[in-house]
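The values are calculated or read from the model by the stated rules, or taken from the named source; none is laboratory data. Remember, it's a predicted structure, so these values are computed and weren't measured experimentally. No Cβ is skipped: glycine too gets one built from the backbone with ideal geometry, and neighbour counts run over all protein chains shown.
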Amino acid sequence: MAKKQFKAESKRLLDLMVNSIYTHKEIFLRELISNASDAEDKLAYKSLTDENVDIKRKDLKITIVPDKEMGTLTVSDNGVGMSKEDLENNLGTIARSGSGQFKAQLQEDDKAADKIDVIGQFGVGFYSAFMVADQVTVISKAWGSEEAWMWQSDGADGYTVTQCEKDAPGTDVIMHLKKDADGENYSQYLETYQLQELIKKYSDYIRYPIVMEVEDYRQKPKPEDAGEDYKPEWETVKEWKTINSMVPLWQRQKSKVKEEEYNAFYKEKFMDWQDPLAVIHTSAEGAVTYKALLYIPAQTPYDFYTREYQKGLQLYSSGVMIMDKCADLLPDCFRFIKGVVDSPDFSLNISREILQHDRQLKVIASALEKKIKSELLKMQKDDREKYEKFWKAFGTQVKYGIVAEYGAKKELLQDLLLFWSSKENANTTLAAYKDRMPEDQPFYYYACGESVDKIAKLPQVERILDKGYEILYCTEDVDDFVMKALGEWEGKKFKSVADEDALPQTEEEKKAAEEKAEAGKEVLEAVKEALGDQVKAVRISSILKSGACCLTAEGPVSLEMEKYMSKLEGGEHMKADRVLELNPDSAPYAALKRAKEAGDQDTLTKYAKLLYGQALLLAGLPVEDPSEFASLVSSLMV
Ligand code: ADP
């Protein structure tokens with residue numbers, strides 16, 4: 001019998017499948033099961049509208065049969081089936097309904113490599129069978145027809161359609177698997193455990209039972225007349241089992257799902273050994289319809305801050321997984337969220353075409369973003385202990401979110417922030433800080449440093465605390481950037497205690513400061529000369545209350561930013577302009593002055609270096625020449 005040729009573009013798609021080097025060939029099973037499920041759907045629908053179709057929904061099922069002897073894997077359904085014309089039209093061309101994007105790509109160029117991604121994300125339906133099979137036979141009997149037809153193809157040069165026998169309506173897709181070769185393992189698709197895994201992974205929530213005969217090794221029931229010395233016996237039993245769970249957790253009513261169920265699902269699906277910190281089960285109907293089940297892990301995943309970590313939610317379309325990690329569903333600031341979204345708006349066909357640019361997807365993403373935030377705020381209010389755990393695990397990510405995209409997500413995220421409060425000795429929200437603030441306080445104060453203890457001892461901190469003002473202690477690299485990104489909030493600015501104007505001066509104070517600066521002019525100039533380019537300026541401090549010296553920065557780059565940038569690749573060039581500030585009421589300053597007056601330049605240089613070294617250490621920066629500094633300190637003892 002003459003072979004019929006595939007239509008041109010189908011042939012190219014077919015070539016691509018046959019020669020596919022795609023690593024996730026396993027998705028062929030998902031594709032065939034989806035087709036089978038669609039066929040069941042169509043029949044179920046028919047039964048509603050056509051009284052001649054008297055099937056019961058509960059009788060509809062999908063059967064998987066691996067046959068090791070024949071080397072075949074069969075996917076069967078008892079759905080609508082296909083007539084001879086259907087077989088020719090549907091399997092001889094790329095389905096008109098779907099794969100549009102693929103069609104477009106196929107027309108664009110011929111390089112298979114470019115299309116690999118598309119296979120992974122969307123699948124390409126029936127033809128994917130040729131990724132694993134060298135011959136595919138489809139035996140089908142349409143509902144209401146007496147005839148059955150067999151479509152057969154080895155992929156390369158066309159297909160045949162011949163009449164055949166088949167008892168019940170429906171379709172069998174029989175794949176003769178390719179031989180294992182070149183590291184490709186096709187025989188794994190004959191192993192029931194492997195098939196079980198694939199069904200669980202991709203098709204767990206197909207609404208019809210997917211049944212397969214599996215082997216179970218188990219204890220024989222104990223005979224009633226078993227004596228004292230009865231030893232349990234084991235046996236291998238073959239039985240038909242439904243592999244998929246059919247009803248997705250997220251489709252169930254929230255009030256009917258137990259916490260353990262949510263947790264078990266999370267652990268199994270996202271491979272965490274720990275229960276999640278929180279579950280967000282949400283849905284929407286209307287312009288877009290979706291159900292989402294989102295989780296906040298209890299701990300930072302070990303690879304969270306590495307390139308390996310991929311954000312994204314699993315995307316389902318009515319129970320069929322169409323994408324494992326859909327990144328567009330999650331903003332970066334919430335990249336720690338794990339979960340699934342199921343929306344009938346993405347039918348498999350639609351999604352294949354336009355998923356990436358889809359407006360629906362954006363609407364869902366933005367709704368989820370709001371929902372995640374509101375759930376976190378609720379937790380912050382109602383369960384602070386839990387929120388602190390969340391903050392410990394993912395607070396840094398939220399802060400990065402504030403800084404990223406030029407502060408675009410600032411409004412969304414600022415209520416979520418926590419900082420250590422000098423007053424409460426605990427974490428505080430910005431709102432709570434603001435509530436405690438005395439009316440005359442000009443700024444929201446913050447101080448950066450390595451640890452709360454170290455910050456509390458910073459000279460710059462003292463004068464602000466003395467005023468009775470509260471300070472937010474910032475111990476993370478990113479904090480200074482966060483504060484700069486926040487800039488202003490509800491009428492007041494965020495201010496580093498290291499800024500010279502952190503405490504506005506009265507006219508009198510200003511005058512006194514100017515006088516002091518004038519009086520110290522010569523000493524300051526001499527110190528600047530001694531230190532050279534290491535510092536941009538030396539000045540009389542209006543910050544220090546006690547202590548002899550401190551280091552501040554002038555201009556846009558703060559010392560904290562410099563520290564942070566120095567850890568990043570290529571960030572070393574970002575240096576703060578350093579200013580050495582001296583306390584004119586301190587003993588070391590008096591010593592400087594004496595040396596200057598005595599014209600003892602050596603001693604003055606030595607003291608200047610000692611003070612600068614101290615200032616660096618206090619600021620948490622390394623001294624530039626440790627051995628010189630050490631010998632300077634030692635020289636004081638002799
Ligand atoms: P798609 O599923 O995107 O339409 P496929 O290439 O997978 O593309 O399938 C082409 C068409 O073949 C389907 O639209 C459907 O009409 C028909 N078809 C495939 N498998 C079956 C099946 N098991 N039962 C009935 N019809 C099927």
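Here are the numbers for the structure shown:
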item	result
Of residues in the stretch 51-79 being free of Cβ contacts under 8 Å to residues at least 60 places away in the same chain and surrounded by fewer than 12 Cβ atoms within 10 Å (Cβ to Cβ), the one farthest from the chain's Cα centre (by Cα)	GLU51
Qualifying residue in the stretch 16-24 (condition: over 30 Å from ASP182 (Cα atoms), within 13 Å of the ligand (Cβ to nearest atom) and either of a type in the set (Ser, Thr, Tyr) or touching a Ser or Thr at 6+ places or on another chain (Cβ under 7 Å) (or both))	no
Inter-residue pairs, beta-carbon under 7 Å, first within 14 Å of THR396 (Cα to Cα) and in the stretch 285-307, second surrounded by fewer than 17 Cβ atoms within 10 Å (Cβ to Cβ) and not hydrophobic (A, V, I, L, M, F, W, C), 6+ apart	GLN299/GLN274; PRO301/TYR309
Test for ALA133: is it among the small types (Gly, Ala, Ser), in the same structural domain as GLU31 (by TED's automatic domain parsing), closer than 30 Å to VAL340 by Cα and surrounded by 19 or more Cβ atoms within 10 Å (Cβ to Cβ)	no
Strands (runs of 3 or more DSSP E) fully within the stretch 117-223 counting 2 or more residues that are free of Cβ contacts under 8 Å to residues at least 24 places away in the same chain and not aromatic (Phe, Trp, Tyr)	148-153, 210-219
Subset of the stretch 67-88 [within 8 Å of the ligand (Cβ to nearest atom) and either farther than 20 Å from LEU177 by Cα or not assigned by TED's automatic domain parsing to the domain that holds GLY144 (or both)]	GLY79, VAL80, GLY81, MET82, ASP86
Verdict on LYS166 being away from the ligand (no atom under 16 Å from the Cβ) and at pLDDT 90 or above	no
Only listed residue being within 30 Å of TYR406 (Cβ to Cβ) and either charged (D, E, K, R) or not assigned by TED's automatic domain parsing to the domain that holds LYS606 (or both), chosen from GLU525, GLU518, GLU560, GLU509	GLU560
Pair list, Cβ under 6 Å, 6 or more apart: the stretch 357-370 residue over 21 Å from LYS338 (Cβ atoms), other residue modelled with pLDDT under 90 and among the charged types (D, E, K, R)	GLN360/ASP345
Scan of the stretch 596-632 for residues that are aliphatic (A, V, I, L, M), surrounded by 12 or more Cβ atoms within 10 Å (Cβ to Cβ) and part of a helix (DSSP H, G or I), ordered by number	LEU604, ALA608, LEU610, LEU611, ALA615, LEU616, LEU617, LEU618, ALA630, LEU632
Selection within the stretch 368-407 - hydrophobic (A, V, I, L, M, F, W, C) and loosely packed, with under 15 Cβ neighbours inside 10 Å	LEU377
Identity of the residue in the stretch 448-485, crowded, with 20+ Cβ neighbours inside 10 Å, more than 16 Å from GLU560 (Cα to Cα) and aliphatic (A, V, I, L, M), that ends up nearest to the chain's Cα centre (by Cα)	ILE471
Filtered residues of the stretch 224-244 (kept if in a strand (DSSP E or B), surrounded by 10 or more Cβ atoms within 10 Å (Cβ to Cβ) and not charged (D, E, K, R))	VAL237, TRP240, THR242
Any hit, the stretch 390-407, residues being at pLDDT 95 or above, more than 16 Å from the ligand (Cβ to nearest atom) and within 19 Å of HIS281 (Cβ to Cβ)	yes
Out of PHE28, PHE126, PHE102, sole residue that is surrounded by 16 or more Cβ atoms within 10 Å (Cβ to Cβ), near the ligand (Cβ under 9 Å from one of its atoms) and either at pLDDT 85 or above or not assigned by TED's automatic domain parsing to the domain that holds GLY319 (or both)	PHE126
The stretch 247-287, residues that are part of a loop (DSSP other than H, G, I, E, B) and crowded, with 16+ Cβ neighbours inside 10 Å	PRO248, VAL257, ASP272, ASP275, PRO276, LEU277
Residue count, the stretch 129-143 (criterion: closer than 16 Å to LYS84 by Cα, more than 8 Å from the ligand (Cβ to nearest atom) and not aliphatic (A, V, I, L, M))	3
Test: residue in the stretch 284-297 that is among the aromatic types (Phe, Trp, Tyr) and over 19 Å from ILE206 (Cα atoms)	yes
